[in-house]
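The values are calculated or read from the model by the stated rules, or taken from the named source; none is laboratory data. Please read these numbers as outputs of a predicted model, since none were measured by experiment. Cβ sites come from the backbone with ideal geometry, for glycine too, and all protein chains shown count toward neighbours. Areas reflect the complete protein model, heavy atoms only, side chains present, ligands, DNA and RNA absent. Shrake-Rupley method; radii C 1.70, N 1.55, O 1.52, S 1.80 Å.
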Amino acid sequence: MFDRHADAVFRYCLSRTGSWQDAEDIVSVTFLEAWRQRTRLTLERKSILPWLLGVATNSVRNRARSVRRHEQFLRQLPHAAVEPDHSSSIADRVDAENLVKELLDGAGNLTRGERDALLLCTVNGYSYLEAAEALQVRVGTIRSRVNRAKTKLRAAAVASPLLLAEQNNPVESRQS
C-alpha cells in the first residue's frame, strides 16, 4: 500500500504545506493511521487512496494548528539570530519550497474547500469522485468548488518573477 500510494499522498501534502519536511512527516502520519485502522477499515471502492487523502487532509489541518500554537509560544520567548545554511542542496530545496509557497499564496483568496478541491483535482490529477470521497462531500460540490477556484485564480493572475524564472524548471519529485 505504501509503495503504491506514497508518492501521490506526498505530492498532495507538499501542495498543501509547501514544505518538503512537513509533507514527509504528514505522509508518515497518514500511513501510521492506515496501519492503526487496518482491522476496522472496509473499502467501498477498489482504491484506498481517497481515504488516505482524507487522512492526509486532516493531518495537514492538525499540523497547521500545532504550528500555529508553537509559533504563538515562540513569540513569547527571546530569539537568537539564526545563521543561514549555504549548502547548494538546501538552497535548491528552499527554492522549490518557495515556488510551492508562492503558488499557494496566489490561491489566498480561495476558501479552504475550493483550495482542497483544486489541489486534489487540478494539481494532483484526481477525479472529482476521488476528491469528493477524500473530502467527504458530494461530487457536484467538488465540481463547483474547482470551477469557482479556477475563476478566482484567473481573475487574480499576476505574473510572478519567481514563477517566470521557474517556468522551464519544474518542481522536482519526491524521489529525486
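Residues in the range 125-135 that are surrounded by 18 or more Cβ atoms within 10 Å (Cβ to Cβ) and assigned to a loop (DSSP other than H, G, I, E, B): 126 only. Restricting the search to helices (runs of 4 or more DSSP H) fully inside the range 1-105 and requiring at least 2 residues that are at pLDDT 85 or above and in contact with a Ser or Thr (Cβ under 6 Å, 6 or more places away or on another chain) gives 20-36, 49-75. Residues that are among the hydrophobic types (A, V, I, L, M, F, W, C), open to solvent by 70 Å² or more (accessible area, probe 1.4 Å) and on the phi < 0 side of the Ramachandran plot: does the range 49-56 have at least one? Checking the range 49-56: at least one residue is among the hydrophobic types (A, V, I, L, M, F, W, C), open to solvent by 70 Å² or more (accessible area, probe 1.4 Å) and on the phi < 0 side of the Ramachandran plot. The residues of the range 59-85 that are surrounded by 14 or more Cβ atoms within 10 Å (Cβ to Cβ) and not small (Gly, Ala, Ser), listed by number, are 60, 63. Among the residues of the range 1-43, those identified as of a type in the set (Phe, Trp, Tyr), within 14 Å of residue 56 (Cα to Cα) and open to solvent by less than 30 Å² (accessible area, probe 1.4 Å) are 10, 12, 31.
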